[in-house]
Structure formats: C-alpha cells, structure tokens
Amino acid sequence: MKKSALDAIDIRILAAVQSHGQLSKTRLAEIVNLSPTPCWARLDRLKSAGFIRSYHADIAMDRIIDLTQVIVTVALLHHRKQDFDRFEAYVRDAREITECFATGGGTDYVLKVVVPCMSAFQALMDGLLAEELNIDRYYTYIVTRQIKDSQPDLVALAKPAQTTHQ
C-alpha cells in the first residue's frame, strides 16, 4: 500500500539526503539530476510535509570512548494498554536505551542499550525492575561487534512490488 503521493524525483531527493545528510543546493541538484531551484523547492516541500525528521552525524563512538552495547528482549506479564504505555514511557526517558521496537510473537519489546560498562547496564536493569513495570522476563545479548549498520534503500523500497507469475 502506497502511503504518499511522492514521485520518483522526490524519492531521489529523500534518498540523497538519507545517504549524504545536508547538501548544498548545487550538489543535491547534481545528485538528483534536476536544476537547483526546483530541486530546492521540492526539498523545502518535503521538509514542510514532515518527510525529513532531522539531520544527524554518524559519530564513530568506538573511536572516542569504550562502550558496551546490549540487545535486550522484554516480555511483559500482562498485555494491557496501561502496562504497555507505562513501559514505553519509562523507555522514552531512559537515555541509555537508544532504540526500542514493539514486536509481536514471543517477546513484546526489543531494546538496544548503550552504556559505558556492564555495571551501568546492570544499574539500568535494576532500575527497570524496581519500577514494577510488570516485566515477566527479559533476555540480554551482549554485542561483541557490529557487522552492519545502514539505512534501508529508499529507492528500492519505493518501487512497486514485482510479482512473478509461473
């Protein structure tokens, strides 16, 4: 199902910004193969419509500090709206939890935690449990090395699904 009425040029602009961050008007126009003024107008429209949330720098944290990354799966004891809301509010306020996904299946949430050391991770988990957030069980997975960290290919995802008939 298509969520928006973006054309191929809009998708190319978004893909360029996703890959390169903020670009000059001229450079963006070159990448997208459009003249600068209409390209910039489209970029402004995409920003105003909320398609671009923010710009980020990808910092090589491991070159600056030692850190520990942990993936945590969490299952709640009860599946009531107020339990989910309370857990999610706690997660939003915990700066050590950098990502959180609500999932279906055997676990309710998958968290990515970044801390300076294991004792900081244990303190975070102790805090989670002390808050009585109705956690039934959790499993931790220590990240030993990161193999891949990338953004999805926007251009490929925006293409209509190809079906094969045999």
**Message:** For segment 100-140, place one equal point scatterer on every Cα, skip the solvent, and apply the Debye formula. What is log10 of I(q)/I(0) at q = 0.24 Å⁻¹?
**Reply:** -0.96
**Item:** Under 13 Å, Cβ to Cβ, from E132 - net charge with Lys/Arg +1 and Asp/Glu -1
**Value:** -3
**Asked** If you rank R86, R45, R145 by fewest surrounding Cβ atoms within 10 Å, what's the result?
**Response** R145, R45, R86
**Prompt:** Given the C-alpha centroids of segment 1-77 and segment 81-109, what is the distance between them in whole angstrom?
**Reply:** 25 Å
**Item:** Simple label model, 7 Å out from Cα along Cβ direction - A123 to D153, nm
**Value:** 4.4 nm
**Message:** Output the 0 to 90 degree angle, nearest 10, between the alpha-carbon long axis of helix 8-20 and the longest principal axis computed from the alpha carbons of the chain.
**Reply:** 50 degrees
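How many lysine pairs are close in the chain, with Cα atoms under 22 Å apart and the two 8 or more places apart or on different chains?
Values: K2/K47; K2/K159; K3/K47; K3/K159; K25/K47; K47/K159; K112/K148.
Qualifying lysine pairs in the chain: 7.
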**Request:** Would you list the P(r) distribution for segment 8-57, with all Cα-Cα distances sorted into 5 Å bins from 0 and each bin expressed as a whole %?
**Result:** 5, 24, 38, 26, 8, 0
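How large is the translational diffusion coefficient of segment 62-142 in µm² per second when you combine the Kirkwood radius over alpha carbon pairs with Stokes-Einstein at 4 °C and 1.567 mPa s?
Translational diffusion coefficient: 100 µm²/s.
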**Complete:** A correct Karplus calculation of ³J(HN,Hα) over segment 130-146, with 6.51 cos²θ - 1.76 cosθ + 1.60, θ = phi - 60°, whole Hz and x for Gly and Pro, returns 5, 6, 6, 8, 6, 7, 7, 7, 9, 10, 10, 10, 6, 7, 8, 6, 8
**Request:** Under 14 Å from a label point 7 Å along Cα→Cβ of Q18: give me every residue in segment 37-64 with its amide N that close.
**Result:** 51-54
**Item:** ³J(HN,Hα), Karplus 6.51/-1.76/1.60, whole Hz, each residue of segment 21-31, x for Gly, Pro
**Value:** x, 6, 10, 5, 4, 5, 5, 4, 4, 5, 4
**Request:** Give the Debye-formula value of log10 I(q)/I(0) at each listed q (0.08, 0.13, 0.19, 0.21 Å⁻¹), with one equal scatterer per alpha carbon of the chain, two decimals each.
**Result:** -0.39, -0.87, -1.13, -1.24
**Request:** Kindly provide the helix-only [θ] at 222 nm of the chain, computed as the sum of -39,500 (n - 2.57) over DSSP H runs of four or more divided by all residues, to the nearest 500 deg cm²/dmol?
**Result:** -12000 deg cm²/dmol
**Asked** Residues with beta-carbon under 12 Å from that of L111, excluding L111: net charge, scoring Lys, Arg +1 and Asp, Glu -1?
**Response** -2
**Complete:** For D108, other-chain or 5+-apart residues with amide H closer than 5 Å (H placed, Pro excluded) are V74, A75, L76
**Spin-label pair Y141/H78, simplified geometry with 7 Å Cα→Cβ offset, distance in nm** = 3.0 nm
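In what sequence do T144, T107, T37 fall when counting other Cβ within 10 Å, fewest first?
Taking fewest neighbouring Cβ atoms as first place, the list is T144, T37, T107.
Once you list every other residue whose beta carbon is under 12 Å from the beta carbon of K47, what net charge do they have if Lys and Arg are +1 and Asp and Glu are -1?
+1
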**Likely footprinting exposure, I59, I52, fewest C-beta neighbours within 10 Å first** = I59, I52
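Computed from the coordinates by the stated procedures, all read-outs in this text should not be read as laboratory data. What you see is a predicted model; the values in this text were computed from it and never measured. Every residue, glycine among them, receives a Cβ derived from its backbone with ideal geometry; neighbour counts consider all protein chains shown.
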